[in-house]
Amino acid sequence: TVASFLVDDIEAETKELRRRGIAFEEYDMPGLKTKQGIAAMSPDRAAWFRDSEGNILSLVELKD
């Protein structure tokens, strides 16, 4: 991951980015599984996507 962006509402942010044409990565491996592009990493959540050059970026929602 080249850069991560902290967000307050990852579901709203992924929805808006999808509306703008961003495709989120889907993972299904031991220790990391996404559902609709979002991984629950108790209690935090993250979603990954690629920029136009193929770099992986992420959105991260931290829970208190």
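The values are calculated or read from the model by the stated rules, or taken from the named source; none is laboratory data. These numbers were taken from a predicted model, which means no experiment stands behind them. Ideal geometry is used to build each Cβ from the backbone, glycine not excepted, and the neighbour counts take in all protein chains shown. In case anyone asks, the SASA skips ligands and DNA or RNA and just uses the protein heavy atoms, side chains included. Shrake-Rupley method; radii C 1.70, N 1.55, O 1.52, S 1.80 Å.
Tally time: how many residues in region 36-60 are outside any strand (DSSP E or B) and either of a type outside the set (Asp, Glu) or open to solvent by 80 Å² or more (accessible area, probe 1.4 Å) (or both)? It would help to see each step written out before you state the result.
If we filter region 36-60 for residues that are outside any strand (DSSP E or B), which is where we start, we get 36-37, 42-43, 51-55.
From what's left, either of a type outside the set (Asp, Glu) or open to solvent by 80 Å² or more (accessible area, probe 1.4 Å) (or both): 36-37, 42-43, 52-55.
Number of matching residues: 8.
Taking ARG20, is it open to solvent by 80 Å² or more (accessible area, probe 1.4 Å), under 11 Å from the mean Cα position of the chain (by Cα) and at pLDDT 95 or above? Break it down stepwise before answering.
On the way: open to solvent by 80 Å² or more (accessible area, probe 1.4 Å): yes; under 11 Å from the mean Cα position of the chain (by Cα): no; at pLDDT 95 or above: yes.
Considered against the rule, which asks whether it is open to solvent by 80 Å² or more (accessible area, probe 1.4 Å), under 11 Å from the mean Cα position of the chain (by Cα) and at pLDDT 95 or above, ARG20 comes out as no.
Tally up the residues in region 13-53 that are in contact (Cβ under 8 Å) with a residue 24 or more places away in the chain and among the small types (Gly, Ala, Ser), please.
Result for region 13-53: 3.
Considering each of LYS33, LYS63 in turn, give the residue that is assigned to a strand (DSSP E or B) and open to solvent by 50 Å² or more (accessible area, probe 1.4 Å). First the steps, then the outcome.
On the way: LYS63 fails: assigned to a strand (DSSP E or B).
Selected residue: LYS33, the only one of LYS33, LYS63 that is assigned to a strand (DSSP E or B) and open to solvent by 50 Å² or more (accessible area, probe 1.4 Å).
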